[in-house]
Amino acid sequence: MARGHRPAPAPQPLAGIRVIDLSRNLAGPYCTQLLADLGADVVKVEPLTGDPARAWGPPFWNGQSTIFLSANRNKRSIAVDLRSAGGQDVVRRLASRSDVFVQSFRAGVVESLGLSWPALASLQPALIYCSVTAYGTRGPLRQLPGYDPLMQAHAGLMSLTGAPGMPARVGTSVVDLGTALWAVIGIQAALADRTRTGLGTHIITSLWETTLALNAYHLLGYWASGETPQAMGTAFSLIAPYGAFPTADGQLMIAAANDSLFVKLCAALDLRAIAADARYADNPSRVRYRTELDTAIAVRTKTFATRALEEILRGAGVPCAPILDIAGVAAEEHTWTCGVLDRETGPRVPGPAFVGPALAWDDRRFLTYRPPPLLGEHSVEVLEEAGLDAAQRDALIERGIVARHAPESQPPPAAPDLDPD
């Protein structure tokens with residue numbers, strides 16, 4: 001795909017599915033964005049002050065937070081005061097006409113609002129209700145709030161990241177995004193099951209369990225061996241040679257993940273004596289003698305420029321990759337030709353490309369058909385779809401229970417935060 005050329009659009013397999021999204025920040029919104037990308041009609045219910053992620057920045061694009069833009073395309077927005085009885089009634093009306101309901105409030109909040117799973121299931125027995133939680137609904141920590149970096153710290157991910165003795169947060173919100181993916185999987189499985197039973201389901205995801213899942217093989221390794229895994233920089237504890245090796249002008253990631261690739265690596269670097277050394281006969285042996293092996297390989301890799309070494313190893317069939325920063329990734333031609341970017345985002349968000357779902361449907365892509373919404377942009381039409389007549393809609397707006405989009409010079413009224421996530 002040439003730069004700027006929009007790929008053929010994929011069908012919308014979730015067309016006709018209505019999703020009410022009370023989540024905010026990143027995990028829940030990214031889940032519902034993926035559902036919207038697949039064709040679902042997602043109504044984002046925001047407090048009168050908006051999703052807190054709208055203020056997360058800089059960077060901003062045309063006054064809008066880029067992290068908000070990255071997780072809220074293809075949705076509609078209604079701004080509602082959920083602390084009011086009228087606002088709660090609006091959400092119950094919406095839920096009773098919907099297929100999926102997603103919320104990410106901390107423990108106890110939805111119950112206090114009258115929007116719990118039992119309350120909404122009594123109105124709509126076929127409703128798929130998804131709770132995006134911090135620690136789940138069982139166990140001694142279930143009442144605690146949680147955010148991505150807290151989970152990276154608490155569930156061990158930071159201890160495995162960065163240099164030894166220097167715990168580091170993974171530089172992207174892998175726990176939030178991973179939880180979103182689990183939520184999408186659960187929701188789609190529940191929708192499929194509903195075709196058989198006719199009934200809804202309560203799907204529960206948690207940031208904590210997602211982090212445990214990310215660390216699954218580390219936990220199994222600890223239980224099997226009693227040894228606590230440690231941070232290893234770019235290396236991987238289970239495979240050698242596997243990591244970043246120095247070059248004359250930088251570093252190159254090399255992944256000789258099996259015996260055949262190790263032999264190819266040694267041949268490409270003229271290290272045949274290393275390949276014949278009994279200490280390196282198989283991967284467990286290479287892991288055992290990783291320090292000596294990496295040192296011997298590094299002596300050779302330092303004699304090549306990074307690009308030259310990359311060409312040599314790729315020519316020999318050895319997996320390797322340069323270490324790029326985000327600017328380098330943005331300049332990488334494959335970023336623009338693989339098909340995942342969509343630049344036709346409309347006049348409101350001109351210029352940047354949205355990174356779409358990382359999948360193709362018969363070589364077609366799920367595209368942006370609606371830019372991320374302004375706060376309360378669709379309040380009136382959503383109220384109309386909920387069955388309220390003009391007088392009822394106007395009354396809700398006049399009483400400050402619902403807000404519709406106003407120019408930036410007239411911000412929506414402030415409302416207390418409900419402490420989500």
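Considering only residues of the range 292-307 that are under 35 Å from the mean Cα position of the chain (by Cα) and in contact (Cβ under 8 Å) with a residue 24 or more places away in the chain, which is farthest from Val263 (Cα to Cα)?
Start the filter on the range 292-307 by keeping residues that are under 35 Å from the mean Cα position of the chain (by Cα), which leaves 294, 306-307.
Okay, now just the ones that are also in contact (Cβ under 8 Å) with a residue 24 or more places away in the chain, so 294, 306.
Values: Asp294: 14, Thr306: 21 Å.
For the range 292-307, the residue satisfying everything is Thr306.
From Gly136, Gly156, Gly186, grab the single residue that is crowded, with 18+ Cβ neighbours inside 10 Å, over 20 Å from Leu34 (Cα atoms) and either among the acidic types (Asp, Glu) or assigned by TED's automatic domain parsing to the domain that holds Ala36 (or both).
Working: Gly136 fails: crowded, with 18+ Cβ neighbours inside 10 Å; Gly186 fails: over 20 Å from Leu34 (Cα atoms).
After ruling out the rest, the residue left standing is Gly156.
Check whether at least one residue in the range 19-34 is within 17 Å of Ala119 (Cβ to Cβ), in contact with a Ser or Thr (Cβ under 8 Å, 6 or more places away or on another chain) and crowded, with 17+ Cβ neighbours inside 10 Å, and report yes or no. Explain how you work it out, then say what you get.
Of all residues in the range 19-34, those within 17 Å of Ala119 (Cβ to Cβ) come to 20, 22.
Keeping just the survivors that are in contact with a Ser or Thr (Cβ under 8 Å, 6 or more places away or on another chain) gives 20, 22.
Adding the requirement that they be crowded, with 17+ Cβ neighbours inside 10 Å leaves 20, 22.
Yes - at least one qualifying residue is present in the range 19-34.
Return the residue satisfying two criteria in turn: it lies in the range 101-133 and is assigned to a loop (DSSP other than H, G, I, E, B) and within 21 Å of the chain's Cα centre (by Cα), and of such residues it is surrounded by the fewest Cβ atoms within 10 Å (Cβ to Cβ).
Result: Arg106.
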Among what's in the range 281-313 and is in a helix (DSSP H, G or I) and basic (Lys, Arg), pick the residue that is surrounded by the most Cβ atoms within 10 Å (Cβ to Cβ).
-> Arg286
Hits in the range 350-404 (condition: free of Cβ contacts under 8 Å to residues at least 40 places away in the same chain and either among the aliphatic types (A, V, I, L, M) or surrounded by 16 or more Cβ atoms within 10 Å (Cβ to Cβ) (or both)) = Ala353, Ala358, Leu359, Val380, Ala390, Ala391, Arg393, Ala395, Ile397
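What are the residues in the range 150-183 that are of a type in the set (A, V, I, L, M) and in a helix (DSSP H, G or I), if any? Let's see the steps before the verdict.
Initial filter on the range 150-183 (of a type in the set (A, V, I, L, M)): 150-151, 153, 155, 157-158, 160, 163, 166, 168, 170, 174-175, 177, 180-181, 183.
Once the filter is applied, which keeps residues that are of a type in the set (A, V, I, L, M) and in a helix (DSSP H, G or I), the range 150-183 yields Leu150, Met151, Ala153, Met158, Leu160, Val174, Val175, Leu177, Ala180, Leu181, Ala183.
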Pick from Gly198, Gly226, Gly250: which is surrounded by fewer than 17 Cβ atoms within 10 Å (Cβ to Cβ), touching a residue at least 40 places away in the same chain (Cβ under 8 Å) and outside the structural domain of Pro140 (by TED's automatic domain parsing)?
-> Gly250
Among the candidates Ala95, Ala71, Ala53, which residue alone is touching a Phe, Trp or Tyr at 6+ places or on another chain (Cβ under 7 Å), assigned to a loop (DSSP other than H, G, I, E, B) and either at pLDDT 95 or above or in the same structural domain as Thr172 (by TED's automatic domain parsing) (or both)?
-> Ala71
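The values are calculated or read from the model by the stated rules, or taken from the named source; none is laboratory data. Remember, it's a predicted structure, so these values are computed and weren't measured experimentally. So basically every Cβ, Gly included, is an ideal-geometry build from the backbone, and we count neighbours across all protein chains shown.
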